[in-house]
Amino acid sequence: MLNLDYRFSMNRSVLIPLASLLLLGPVSCASKKPPPKPVPPPFAGKTATLSITNGIQILSQVTLPAGFAPSPERGPMWLQNGQEVGIVGEVGRDTVVLGYSGQQWKTGRILAADSGPGAAERGRIVDVAASPDGMTLAIAEVIPSQRRLDVVLRDLIAVGPGNPIASFDGEFDSATLAWLNNGTVALALRAHPETSPPPAPPPGSESEVPPKPAESLQLIVVTGTGSVAPLDIKCPMSPLSWSANAVFAVGSGDREVPPIIIDRRNSECRQFGSVGPIRVLDWDEDEEGTFLYIKPDPTTGGSGVYRHNIDTGRDKLVAISTGAAAFTNGGTVIVEGNQKLTLRMAAERPNLSLPAQIAISQPEQGEVQFKPLGFNTTAPMLAASSLTYSDTIDAAAIQTFAPGAPTSWRKIINYSIPNQSAFLVATGAARGVVDMSWSIHGRWLAIVDGDQFKSMLTVIVPPQ
C-alpha cells in the first residue's frame with residue numbers, strides 16, 4: 001500500500017534559528033545534564049489556510065492586501081517569464097488583478113481593476129487572460145453607462161493601466177477571452193436578447209439607429225495597427241476552452257445555451273451533446289482534437305470525466321465524480337478517484353467512505369494502474385478536487401479532501417509519475433479558496449489561498 005511520504009531533508013535555515021532560540025535559556029553548571037535537543041517545528045510554514053509539510057522549500061510568502069479574496073478557479077498567472085505572478089480576486093464588489101515581482105515576488109502592484117488608480121476606465125471586469133509569453137494582459141471590461149464592452153491591453157513592462165484596443169456595443173450574457181497566439185486574442189460574445197427592437201428615428205431626423213450588438217467569435221489582432229475580424233459561426237457563445245494549437249474550441253454551455261464544438265479551420269460549429277454545462281479539464285497536446293471533460297449525468301445527478309475525440313465523435317468514460325484529471329506526457333491520463341465508484345453509488349451513497357486512489361491510464365496499451373493514496377474520501381469530495389500537471393518534472397499537484405471534524409480537511413499532494421510516489425505538500429481545514437499553478441519551467445508551484453479576511457501567495461519547490 002502506497003502511503004503519503006512525509007520524509008524530506010530539513011532545510012538548515014529552519015533548524016539553525018530554532019536551535020539558537022532553544023539554547024538561549026539559562027544552563028545550570030551544577031547539573032551535568034546535556035542541553036535539550038532542538039525540536040523541529042511541526043510544519044515548514046503556514047499559508048492563510050494551510051500548514052506546509054516540514055522540509056518543503058518555501059521560496060516566498062506574501063500576505064495579500066486586507067479585504068482581497070482570491071477568485072475561485074483562477075490559478076496564479078506566471079508573467080514576464082516567471083518574474084511576476086498575477087492574481088485575480090475581489091475587494092468588496094470590485095474585481096482587482098494584483099501583480100507581485102522583484103526579489104521573492106514581494107513587490108506588489110495593481111495590474112487591472114474595476115475602478116481606482118489601477119483601472120484603465122471605470123467599469124466591470126468580466127475576464128482576464130495573459131498572453132502565451134506572459135508579457136501582455138488582455139482585459140474584457142463592461143462599461144455599463146455606455147452599453148459597451150471594451151478589450152483593454154496592458155503591456156506589463158510599460159507604465160500605466162493600458163488602453164482599449166477594441167469596443168463592442170451592446171449588453172452581453174457571456175464574454176470570455178483567450179489568446180490564440182502572442183498576436184491574436186479571441187473574444188467570445190453572446191449578446192443579451194432584446195425584449196423589443198429599438199424605436200425607429202422620426203422621419204427627417206438625423207438620429208442614428210442604435211448599432212446591433214456584436215455576436216459570436218471576434219478575432220482581435222493586437223500587433224501592428226490592429227484589427228477585428230468576426231468569425232462567421234452561428235452557434236451561441238459560452239465560455240470557451242481552446243485546444244493546444246487553437247484549432248478547436250469547446251463552449252461549456254450554460255442554463256441558456258448548449259455546449260458547442262468550434263472548428264476554426266473550417267469556420268464551423270456544432271452542438272456538443274444535449275446536457276450542459278460541461279467543464280473541459282485538459283487538452284491532449286499530442287492529439288489536437290482530444291480533450292477531457294466533466295459531463296453531468298441527468299439520470300443520477302452525478303457526473304463523469306470523459307475522454308472525447310472530435311474526429312471520431314467518440315466518448316470514453318475515464319472516471320466517476322472527480323475534478324482531478326489531466327493528460328500527461330505521451331497522452332497518458334492521470335486522475336484521482338476510486339476504482340469501484342459508480343454513478344449510482346455516488347448518487348445513492350454520497351457519504352460512503354472510499355479509498356482515494358491515483359489512476360494512470362495508458363490508452364494505447366489499454367492499461368490502467370491504480371495507486372492508493374493512504375486516506376479515505378467521499379464522492380462529493382472527489383468531485384470538488386482539482387489537479388494541475390507539470391510536464392517538466394512529470395508530476396501533478398492535486399487538491400483533494402478528506403472527512404474531518406468539525407469540517408472536512410484539504411490536502412495538497414504532489415504525485416510523481418516516474419517514481420509512482422505521493423508526497424503530502426500541505427494540509428488544513430477546508431475553508432476559503434486554494435488555487436495553484438506551476439511556474440513557466442514547471443519546477444515551482446504557486447499557491448494562492450484564503451478569503452476576504454486573510455489571503456496569501458506562497459511559492460514552493462515540491463519534491464521531485
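Before moving on, here are some points about what is shown:
- Against the test of being modelled with pLDDT of 90 or more, of a type in the set (G, A, S), crowded, with 20+ Cβ neighbours inside 10 Å and in contact with an Asp or Glu (Cβ under 7 Å, 6 or more places away or on another chain), the options S238, S252 yield a single qualifying residue, S238.
- Residue within region 257-274 that is assigned to a loop (DSSP other than H, G, I, E, B) and in contact with a helix residue (DSSP H, G or I) (Cβ under 6 Å, 6 or more places away or on another chain) present: no
- Looking only at residues of region 277-296 that are closer than 18 Å to A384 by Cα and in a loop (DSSP other than H, G, I, E, B), we find that the one that is farthest from the chain's Cα centre (by Cα) is P277.
- Selection within region 109-142 - outside the structural domain of A188 (by TED's automatic domain parsing) and in a strand (DSSP E or B): R109, I110, L111, A112, A113
- From the options S252, S267, S227, residue that is within 15 Å of A178 (Cβ to Cβ) and either among the hydroxyl-bearing types (S, T, Y) or free of Cβ contacts under 8 Å to residues at least 24 places away in the same chain (or both): S252
- Evaluation of G432 against (1) buried (at least 19 other Cβ atoms within 10 Å of the Cβ); (2) within 22 Å of T332 (Cα to Cα) (one fails), failing number: (2)
- Filter result for the condition that a residue is within 27 Å of R431 (Cα to Cα), in contact with a helix residue (DSSP H, G or I) (Cβ under 7 Å, 6 or more places away or on another chain) and assigned to a strand (DSSP E or B), over F401, F375: F401
- Scoring P144 on the criteria (1) in contact with a helix residue (DSSP H, G or I) (Cβ under 6 Å, 6 or more places away or on another chain); (2) surrounded by fewer than 17 Cβ atoms within 10 Å (Cβ to Cβ) leaves a single failure, condition (1).
- Residue within region 287-298 that is in contact with a His (Cβ under 8 Å, 6 or more places away or on another chain), of a type in the set (D, E) and modelled with pLDDT of 90 or more present: no
- Of all the residues in region 99-117, those that are closer than 15 Å to G162 by Cβ and either surrounded by 20 or more Cβ atoms within 10 Å (Cβ to Cβ) or under 21 Å from the mean Cα position of the chain (by Cα) (or both) number 6.
- Enumeration of residues in region 317-347 that are of a type outside the set (S, T, N, Q) and free of Cβ contacts under 8 Å to residues at least 24 places away in the same chain: L317, K340
- Positions within region 338-370 being at positive phi and at pLDDT 95 or above, in sequence order: none
- Some residue of region 318-335 being under 18 Å from V368 (Cα atoms), in contact with a Pro (Cβ under 9 Å, 6 or more places away or on another chain) and surrounded by fewer than 21 Cβ atoms within 10 Å (Cβ to Cβ): yes
- Residue in region 61-70 that is among the aliphatic types (A, V, I, L, M), assigned to a strand (DSSP E or B) and either modelled with pLDDT of 85 or more or surrounded by 13 or more Cβ atoms within 10 Å (Cβ to Cβ) (or both) present: yes
- Identity of the residue in region 383-407, at pLDDT below 95 and hydroxyl-bearing (S, T, Y), that ends up farthest from the chain's Cα centre (by Cα): T407
The values are calculated or read from the model by the stated rules, or taken from the named source; none is laboratory data. All values reported here derive from a predicted model rather than from experimental measurement. Cβ: placed from backbone, ideal geometry, glycine included. Neighbour counts: every protein chain shown.
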